[in-house]
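Contents: one structure, followed by commentary.
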Amino acid sequence: MLALIGKRLLFAIPSLIGVVIVTFLLTRALPGDPAAYFAGPAATKEAVEQIRKKLGFDKPLIEQFFHYTNDLAHGDFGTSLTTGQPVAVELRSRLPASAELTLLGLVVSIVIAIPLGVLAATRPGSWIDHLCRVTTTAGVSLPVFFTGLVLVYVFYFRLGWSPAPLGRLDVFYTAPPTVTGFYLIDTLIARDFEAFRSALSQLILPAVTLAIFSLAPIARMTRASMLAVLASDFVRTARASGLSPGKVIVTYAFRNAMLPVITTLSMVFSFLLGANVLVEKVFAWPGIGSYAVEALIASDFAPVQGFVLTMAVMYVLLNLLIDILYGVIDPRVRLEG
Amino acid sequence: MKRRDFLKSVSGIAAGALAPTAPAIWSPAKADARSETLLIVSEGGPNNLDIHGVGTNVPGYEVSWNCYDRLISHEMKSGPGGVPYYDRDKFKPELAEDISVGDMSVTFRLRKDAKFHDGTPVTAKDVKWSLDRAVSVGGFPTFQMSAGSLTKPEQFVVVDDATVRVDFLKKDRLTVPDLAVIVPCVVNSELVKKNASEKDPWGLEFTKQQTAGSGAYKVTKWTAGTEVVMERNDAWACGPMPKIRRVIWRMVPQAGNRRALLERGDADISYELPFKDFQEMKANGKLNVVSLPFSNGIQYIGMNVTKPPFDNLKVRQAMAYAMPYQKIMDAVLFGLANPMFGAPKDRPTDVAWPQPTKYVTDMEKAKALLAEAGYANGFETTISFDLNFAGVNEPLCVLVQESLAQLGIKTTINKVPGANWRTELNKKEMPLFTNVFSGWLDYPEYFFYWCYHGNNSVFNTMSYKSPEMDKLIDGARTAAATGDTAAYDADVKGFVDLAFADIPRIPLYQPFVNVAMQKNVTGYEYWFHRRLDYRAMAKG
């Protein structure tokens, strides 16, 4: 098993090298001149040149690339010009915020979508099947930032149930000491239950926004896969043998239907990371998505490169995790690189 | 059986969907903290806490303004609508307690009781080091200092521990005002030198992350792109003790959410909202909305005069008659701007800037002028704008496009990303564009020097060159320095008239800075930099 994981990781190295080269070239190909941008509104040509020199953008591309990879090898992602902070530090402090939000969104989504999909599959054509179809279609058709804004409007502005969309914690709470970076866990470790409640209530709206967006693929995939499995011979045999419908559906059908659902989950998780960008903007969430977008707007190379690289590493790890999960769920699947 | 299964799963879903959404309840201690805390929400935050840093953005200026002191500052006067407005002509001492302006120098005697945040006293040495730093680091701060003829470290002389003299390179009316802008702030030189390195002799890396000044506030926490927390400096000596103990400044990228936060009473103050929101908030009266004109600022349509068709005066005049001025005022700005068009025909030119042109929308006249210029069937061109200000620029350009179409001019809209805008301006190749220029120093000759002078600075975006114009601008600068009022007035009127007759850029309106705040927030002051001064603010 360990050897397999090692082999897998080894295969990921060429892709990561490719990502490093491509992002470096792509960011350099972006329109816009960071030196002119950071020289400020009142800069003369000489001032722009001075800044270009300070930033090292006057050197040939190959030399810049050499510097970049050398720094990268030493764990230095460079410094963001927009925020003035080292990229590695910022990614480290922002990644948990995004991960906590995305994971919670995914959990909420799974909790709703899988039962919905199973129910729709066991009663095709019934009202619950239609309900499943309508909610998932609506969820995936609405752009996330729109869903987010509507939720804020209704639950914060109109009803006042939800706290102000001001990021991870209410303004007057202090963040718990960092252990995992996940506020829900860290506040519990610090036994600060008031802050826990605050963190949880801040999380609900953005997590629900993400969940609504990701309901469709999970529910539809569960339904389709369940339908196929329920029509198969072994289910018919199980039914004929007089097993209870609950046992047939949960023990026999569901486990067999899980494989495509797991594949979908990995896809959903990765596109949720993308959707995060917009949700983070709406909820002033200090995650890596909003960080990358702001950097992109300002032609700030280092954070964009750091972001893409982090994402690439996460995808590699995610794929590995999914492969391992396959083996756990279905022993017939052999992990062979 | 089936029915029971179904009910079970449904109740499971319901339990999963319901989650605790209790509203926040303030404990008494928190309510107290709240009344002395100012919560600001805005779109962007600082990228550097030091205005001398490389590429410090505009929100960074606000931090510098409140956390550092300068030798002198401006008095307040009553502005439009009774809002306190900085007085361009009256200075007050800040770190200095006495100013004496001589013929070729100005001498400042420092306050004895002023101390930096770490407790070391502010001395003449610190002042000199800070001013040296401003003229030496390059980029924006050095440029801003040079606007007041402050370019060499030799100009700053330590007379004794508590006295500093600034020598003039030449007579320039802008030298003293330039010492009251944000850039010449006084930095704790010993502290910064300790943290400087050979590569970074001015310690810019250190002051980027923390404030090292003597100002009324100090930054206690800064999470870039998320929040800035500032605490009052209880030992501040340069003015009356501010009432706000703590300032929390949160970045909320969504304009809709900033408005919701204000209307729900969760945030105290915000700017950078769409004009429509400001106008609606003004109308419903729940919040205080302050709208004040940018001092020395104009949004305009520029034309590149080096290339056809805009090298032709008749075409430029036709354009000036074809602008949908009033539509822009109503549909884009919701009335929140001062019109810079349509002055009565017999109105004499003022010795002031900005002032309105006599152009109005007159399509017949525009058509006739265009025919005279030989473009009876129109032409094709491109209008460019900065996407960073798309909220105003995009509808404005669409209206212009519509209006020009009536003359047969086919206009393509070119949206330039913010990061790229300055590069494009520098190239001076865009034929037609809209932009805004606003000068910190509120003097007509300052505006014209940057925007119309033949030395072709970045802001002379039209590449306009006219020996007559240069003579008038240089004349006004000299006259201002020597105090020759008659010559000054004649020159100012002269260059304004010439700018309107030659019309290389068409003034549209003077934009407003809009700030919305809770009714209990008082003490807002308008400054030339258009950012907040927390020192005067209070929560009632």
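Between A:S232 and A:L142, the modelled label-to-label distance comes to 3.6 nm, taking each label 7 Å out from Cα in the direction of the beta carbon. Across chain B, the mean sequence separation of Cα contacts (distance under 8 Å, 6 or more residues apart), normalised by length, yields a relative contact order of 18 percent.
Listed values for the stretch B:205-219 are Karplus-derived 3J(HN,Hα) couplings in whole Hz (6.51 cos²θ - 1.76 cosθ + 1.60, θ = phi - 60°), namely 5, 6, 6, 5, 8, 9, 8, 10, x, 10, x, 6, 10, 9, 7, and x replaces Gly and Pro.
Go ahead and run the numbers for FRET between B:K92 and B:D160, Cβ-Cβ distance against an R0 of 30 Å, rounding to 0.05.
0.85
Count, for each residue of A:157-165, the Cβ atoms from other chains sitting within 10 Å of its Cβ, then give me the mean as a whole number.
On the way: counts 7, 2, 2, 4, 3, 4, 5, 12, 8.
Mean number of neighbouring Cβ atoms from other chains: 5.
Put simply, the convex hull of the Cα atoms in the stretch B:390-540 casts, on average, a shadow of 12.7 nm². Relative intensity of the stretch B:155-243 on a log10 scale, I(q)/I(0) at q = 0.12, 0.15, 0.25 Å⁻¹, equals -0.55, -0.84, -1.29, per a Debye sum over C-alpha point scatterers of equal strength in the absence of solvent. A Förster radius of 25 Å combined with the Cβ-Cβ distance from A:A190 to A:L10 puts the calculated FRET efficiency at roughly 0.05.
Around the amide H of B:H74, modelled in the peptide plane, lie the amide H atoms of B:K92, all under 5 Å away and 5 or more residues distant in sequence or on another chain. In chain A, helical runs assigned H by DSSP with n ≥ 4 each contribute -39500 (n - 2.57); averaged across all residues and rounded to the nearest 500, the mean residue ellipticity at 222 nm is -23500 deg cm²/dmol.
Kindly rank B:522-528, B:278-284 from highest to lowest mean number of other beta carbons found within 10 Å of each residue.
Numbers: B:522-528: 18.7, B:278-284: 15.7.
Ranking the peptides B:522-528, B:278-284 by packing returns B:522-528, B:278-284.
One decimal place: the segment A:V313-A:L2 gains 110.1 nm when fully extended, by the rule 0.36 nm per residue minus the C-alpha distance.
How many Å³ per residue does the convex hull of the Cα positions in the stretch B:237-340 occupy? It would help to have the intermediate numbers written out before the result.
Values: hull volume 20.5 nm³, N = 104.
Considering the Cα atoms of the stretch B:237-340, their hull volume per residue is 197 Å³.
Put in line by how crowded their Cβ is, counting other Cβ atoms within 10 Å and starting with the fewest, A:V150, B:V83, B:V289 read A:V150, B:V83, B:V289.
For chain A, state the average projected area of the convex hull of the C-alpha atoms over all orientations, rounded to one decimal in nm².
Details: hull surface 89.8 nm².
With the hull built on Cα positions only, its mean projection is 22.5 nm².
For the peptides A:320-328, B:47-55, the ranking by packing is B:47-55, A:320-328, with the highest mean count of neighbouring Cβ atoms within 10 Å listed first. Tell me which of B:C397, B:V436, B:T423 sits at the most positive position along the dipole axis of the stretch B:396-441, charges placed on C-beta atoms (Lys, Arg +1; Asp, Glu -1). About the Cα centre, the residue reaching furthest to the positive side is B:T423.
Rounded to whole Å, give me the distance from the Cα center of the stretch A:264-326 to that of the stretch A:67-146. Cα centroid of the stretch A:264-326 versus Cα centroid of the stretch A:67-146: 8 Å apart.
Show me B:230-243, A:123-136 ranked by packing, highest mean number of other Cβ atoms within 10 Å first.
Values: B:230-243: 17.1, A:123-136: 14.7.
Those peptides, ordered most packed to least, come out B:230-243, A:123-136.
Kirkwood radius, the stretch B:334-434, all distinct C-alpha pairs, inverse of mean reciprocal distance: 15.8 Å.
Amide H contacts for B:V513 (H built 1.01 Å from N in the peptide plane; partners 5 or more residues away or on another chain; cut-off under 5 Å): B:L292, B:F294.
Each label was represented as a point 7 Å from its Cα along the Cα-to-Cβ direction; for B:D362 and B:A390 these points are 3.8 nm apart.
Which whole-number percent is the relative contact order of the stretch B:386-531 (Cα, under 8 Å, 6+ apart)?
Numbers: 110 pairs, mean separation 21.5, N = 146.
About 15 percent, as a whole number.
Sorted largest first, the spans of the alpha carbon positions of the stretch A:1-159 along the three principal axes are 71, 54, 26 Å.
Shielding of peptide A:118-124 by partners, expressed as the average count of other chain Cβ atoms within 10 Å per residue Cβ, is 2. Rounded to the nearest 0.05, what FRET efficiency is calculated for A:L131 and B:T382 with R0 set to 41 Å and r the Cβ-Cβ distance? The formula returns an efficiency of 0.20 here.
Amide H contacts under 5 Å for B:T220: B:V229, B:M230, B:E231, restricted to partners 5 or more places along the chain or on a different chain, H placed in the peptide plane at 1.01 Å from N. Any chance you could check the Cα centroid distance between the stretch A:182-223 and the stretch B:353-395 for me, in angstrom? Here the two parts' Cα centres lie 52 Å apart. Across chain B, Cα-Cα pairs more than 29 Å apart make up 58 percent of the total. Using C-alpha pairs under 8 Å with a sequence gap of at least 6, the mean separation divided by the residue count of the stretch A:179-337 gives a relative contact order of 19 percent. Residue by residue, the stretch B:320-331 carries 3J(HN,Hα) couplings of 5, 7, 9, 6, x, 3, 5, 4, 5, 4, 7, 8 Hz when phi is fed to the Karplus relation 6.51 cos²θ - 1.76 cosθ + 1.60 (θ = phi - 60°); x denotes Gly or Pro. Estimated from helices alone, the mean residue ellipticity of chain B at 222 nm is -10000 deg cm²/dmol (sum of -39500 (n - 2.57) over DSSP H runs with n ≥ 4, per residue). The string of couplings for the stretch B:487-499 from the Karplus curve (6.51, -1.76, 1.60, θ = phi - 60°) is 5, 4, 4, 4, 5, 4, 4, x, 6, 5, 4, 5, 5 Hz, one whole number per residue in order, with x for Gly and Pro. Between A:A295, A:V229, A:F182, the Cα set farthest toward the positive side of the dipole of chain A (charges on each charged residue's Cβ, about the Cα centre) is that of A:V229. Between the listed residues A:F155, A:L26, B:S136, the Cα displaced farthest toward the positive end of the dipole of the protein assembly as shown, a dipole computed from Cβ unit charges relative to the Cα centre, is found at A:F155.
To two decimal places, what compactness ratio does the stretch A:245-337 give when its Cα radius of gyration is scaled by 2.2 N^0.38 Å? Present the calculation step by step, with values, prior to reporting the outcome.
Values: Rg = 18.3 Å, N = 93, 2.2 N^0.38 = 12.3 Å.
Compared with the compact-globule rule of thumb, the stretch A:245-337 sits at 1.48.
Taking the square roots of five times each eigenvalue of the Cα gyration tensor of the protein assembly as shown, the equivalent ellipsoid has semi-axes of 55, 33, 27 Å, listed largest first.
Just checking the output field for B:420-428: average partner chain Cβ neighbours within 10 Å of each residue's Cβ? Display every interim value, and only then the final one.
Values: counts 7, 5, 11, 9, 4, 2, 7, 0, 0.
Partner-chain Cβ atoms within 10 Å, mean over residues of B:420-428: 5.
Modelled label positions at A:S266 and B:I413, each set 7 Å beyond Cα in the direction of Cβ, lie 4.4 nm from each other.
Here, each number is a calculation from the coordinates, and none is a lab measurement. Small disclaimer: the values here were computed from a predicted structure and weren't measured. Cβ sites come from the backbone with ideal geometry, for glycine too, and all protein chains shown count toward neighbours.
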